[in-house]
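The structure under discussion appears below in the form of C-alpha cells.
Values in this text are rule-based calculations from the coordinates and carry no lab data. Predicted model only: the values in this text are computed from it and were never measured. Cβ placement follows ideal geometry from the backbone for every residue including glycine, while neighbour counts extend to all protein chains displayed.
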Amino acid sequence: MKFLRHRIFVPVATVAVLLMLLGGDMLVGAHGGSLSLIHSCVDVQGKVRITDENAGCRSNEIPLDWPKDNSGLEAGLLAVENYLSTIATTVATLQTELAAEIAARVQGDQTTLASANVYADQEIADEASIRQQADSTLADSLASLESDFTSYQSLLGTAGILNASTNPIDWTQLKNVPSSVVTGPGAQDCPTHQYAAGTKADGSLVCSPFPIFVFVPATAGGASVPLQATGITLKSGQTATLTASGTGYYCPGCPIGPDGSGAGSTCPECIAPDLPSFSLIGKIGDGPFFFVGSGPVSVAGSGRLRLGFNDWVGTYDNNSDGFQAVISVK
Ligand SMILES: [Ca+2]
C-alpha cells in the first residue's frame, strides 16, 4: 500500500479538485460482484479501501479491482494513475480556460464600462451644448425683447408718435389705451392758437403753437397710400387756414406745384373730379374734397382734416415728392 500511495499521490491532489467540482458522482460505481477480483475504492488522497464485490464507492472515491492472484495489479494501478493524470490534465485545462474566460469577461466588462463612460460623457457634453445653445438663444431673445421694449418706451414717451400713421403699432388692438390716443386728439383740447401735437401714454395732450407743418406726398390719396393725416380734428365753429408749397410729380419727369392745373379747372378722371388735376386737395371728416392749392385757403367743418394729391384714379404709383402744407386753426 505504501507503493500505491506514492504512485498516485500527485494526481489525486488535482483529482480532489475535480471531485469537489463534480461532486464525485461520476466516479461512483459498484464492483460487479465478481468473486475472482479484489474490489477496492481509492479516495482523493490515494488511500485504498478494500470492499466486497457488490459495494459501491463513495462520492470522493473511484473503484479499483484486480485479480485475487495479484496478476495485473500493477497494470490496474497504472491505469488508475493514467486516469487520474488525464483528469488532472483536464482540470488544468478547465482551470486555464476558466481563467481565460474570467479574464476575457473582465476585459469585456472593462471595455463595455469604458465605452459606456465615453458614451455617457458624450451625452452629457451634447446635452450641455444644447443647454448652452438654448441659453444663448434665450438670452438673445431677451435682449431683443428688451430692445423692443426700450423702443416702445421711447414711442410712448414721444409726443405725436402714438397715433402717427407710420407707427407700426395698431393701438386700437391694445388694451387700456386712452381713447384720445386711438382717435387722435382734438384741436379744441389745447389752448387757443395751439394744437395737440400728440398724446402721452397717460392720455394727456402735448400742445404746440400753430402752425402745423405737414408733408403731403404726391402718392397720398391713391389705392396704396391713404390721405395724409394732419393730426387736426376740427370742431364745429373752428376754421383751418392752409398754405402750401413744393413740387410733386404726377409721373416721372412731370413736376407740378400745389395749384396743379390751376384753380377753376376740373379733372373728370381724378379722385376729386370737380377740382384741378394734380393739385393739393383736402377733406374734413367724411365731407367732400376741397381745393387747397398754394393757398391761403380757410375751411370749416367738423372732423379730421386730411390732405391729398388729385391724380387720375389708378395712376398714383408713378408719383413722387409732394407738397409742404402749413396749417393754423382758430
Ligand atoms: Ca401719376
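Alpha carbon centre of segment 105-130 versus segment 132-148: separation in Å?
Cα centroid of segment 105-130 versus Cα centroid of segment 132-148: 33 Å apart.
Which FRET efficiency value, to the nearest 0.05, is calculated for residue 83 and residue 104 with the Förster distance at 30 angstrom and r the Cβ-Cβ distance?
Numbers: r = 31 Å, r/R0 = 1.03.
That pair, residue 83 with residue 104, gives E of 0.45.
Roughly what would the spin-label model give for residue 330 and residue 118, points 7 Å off Cα along C-beta, in nm?
That separation, rounded to one decimal, is 9.3 nm.
Under a point spin-label approximation (7 Å from Cα along Cα-to-Cβ), what is the residue 192-residue 50 distance to one decimal in nm?
Label at residue 192, label at residue 50, 15.5 nm between them.
How would you order 138-150, 231-243 from highest to lowest mean count of nearby Cβ atoms within 10 Å? Display every interim value, and only then the final one.
Values: 138-150: 10.0, 231-243: 18.4.
Per-residue Cβ counts within 10 Å, averaged per peptide and sorted highest first, yield 231-243, 138-150.
With the Cα gyration tensor of segment 212-329 in hand, give its eigenvalues times 5 under a square root as the equivalent ellipsoid semi-axes, listed largest first in whole angstrom.
Details: eigenvalues 93, 37, 34 Å².
Computed over segment 212-329, the values are 22, 14, 13 Å.
Relative to the present Cα-Cα distance, how much length would full extension add between residue 144 and residue 128 at 0.36 nm per residue of separation?
Details: separation 16, 0.36 × 16 = 5.76 nm, distance 2.39 nm.
Gain on extension, residue 144 to residue 128, equals 3.4 nm.
Stick to the Cα atoms of segment 28-139, pair each with every other, and give me the Kirkwood hydrodynamic radius in Å at one decimal.
Working: mean 1/r = 0.0515 Å⁻¹.
For segment 28-139, the Kirkwood estimate is 19.4 Å.
Please compute the net charge surrounding residue 129, taking Lys and Arg as +1 and Asp and Glu as -1 over other residues with Cβ under 13 Å from its Cβ. Display every interim value, and only then the final one.
Working: positive: 131; negative: 121, 123, 126, 127, 135.
For residues surrounding residue 129, the net value is -4.
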